[in-house]
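Every number in this text was worked out from the coordinates using simple rules, so none of it is lab data. All figures in this text were calculated on a predicted structure; none of them were measured in a lab. Every residue, glycine as well, gets a Cβ built from its backbone with ideal geometry; the counts of neighbours run over all protein chains shown.
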Amino acid sequence: MILGILQTGHVPDEVKARDGTYTDLYGALFAHRGYELRTFSVVDMEFPEGPHDADAWLVTGSRHGAYEDHPWIARLEALIRDIRDTGTPLVGVCFGHQIIAQALGGRVAKYPGGWSVGLHSYDIGGQEVVLNAWHQDQVLELPKGAEVLGESAFTRNAFIAHGPHILTVQPHPEFTPSVVDTLIEHRGAAVPDDLLATARANLDRPTDARLIADWLADVLEGGPATRIPFAAKVSA
């Protein structure tokens, strides 16, 4: 299966040197599923010809805000709607989660409560799931027909299904402890010190990244976005 990566930003050089690019991060996340990855750097105006250039699509994270005025954002929103209209599977992570909601009629803004950094717990269908996060923006208003599948006290719209073929997640299943450690060290200036300290203290705790990777992969392979394939207990 060909998975098209719609790259909406570049990882910091320090992350790239230690853990690779977005393509490398998602290649590692989905390595057990055997996908062929094709990356389109939409942030650099490198777009596919259309939704059928891949069997499924993933929109990455970004340092940009979905509400910012860049020419590639409007073009990406149009592509997202085209992907939806063709019924091609689509997932989004962090910025991808936000831009998909915005493209389909939702609203994204900086959250008044501030930053979510490092390890966080989410309730997905009554199951506790632990993942790394790094964001200040959130989906504050849902598009028509969207269904919230998971939340935390800090991020109410954390996991969203937009119909049967689109699943988006606010946290980063592709972020390993190494990535978070590098971000704390080199990109934490805007984040309050206490949040960085807590994130650093939790670097060695396990996450449920593989669990979420399989859920995303099931959707990418044509499964329904609203089916949550978790066992009763997902975290130690």
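In table form, for the structure just shown:
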{"item": "Helix-only CD estimate at 222 nm, as mean residue ellipticity for the chain, using -39500 (n - 2.57) per DSSP H run (n ≥ 4)", "result": "-9000 deg cm²/dmol"}
{"item": "Label-reachable residues, the stretch 107-137, where backbone N falls under 20 Å from a point 7 Å from THR198's Cα toward its Cβ", "result": "110-124, 128-137"}
{"item": "Extension gain from VAL148 to ALA78, taking 0.36 nm per residue of separation minus the Cα-Cα distance", "result": "22.9 nm"}
{"item": "Net charge contributed by nearby residues that have their C-beta within less than 11 Å of ALA217 (K/R +1, D/E -1)", "result": "-1"}
{"item": "Cα Rg, Dmax, the chain, angstrom units", "result": "16.3, 46"}
{"item": "Dipole magnitude (debye, nearest 20) for the chain, charges at Cβ of Lys, Arg, Asp, Glu", "result": "380"}
{"item": "Fewest-first sequence of GLU221, GLU36 by Cβ atoms within 10 Å of each Cβ", "result": "GLU36, GLU221"}
{"item": "The stretch 108-131 versus the stretch 79-95: alpha-carbon centroid distance in Å", "result": "22"}
{"item": "Net charge of neighbours whose Cβ lies under 14 Å from the Cβ of ASP137, counting Lys and Arg as +1 and Asp and Glu as -1", "result": "+2"}
{"item": "Local electrostatic count at TYR35 - Lys and Arg +1, Asp and Glu -1, tallied over other residues with Cβ under 10 Å", "result": "-1"}
{"item": "Extension reserve of the ALA17-ALA109 stretch, reckoned as 0.36 nm per residue once the Cα distance is removed", "result": "30.0 nm"}
{"item": "Label-point separation in nm, ARG33 to GLU49, each point 7 Å along Cα→Cβ", "result": "2.5"}
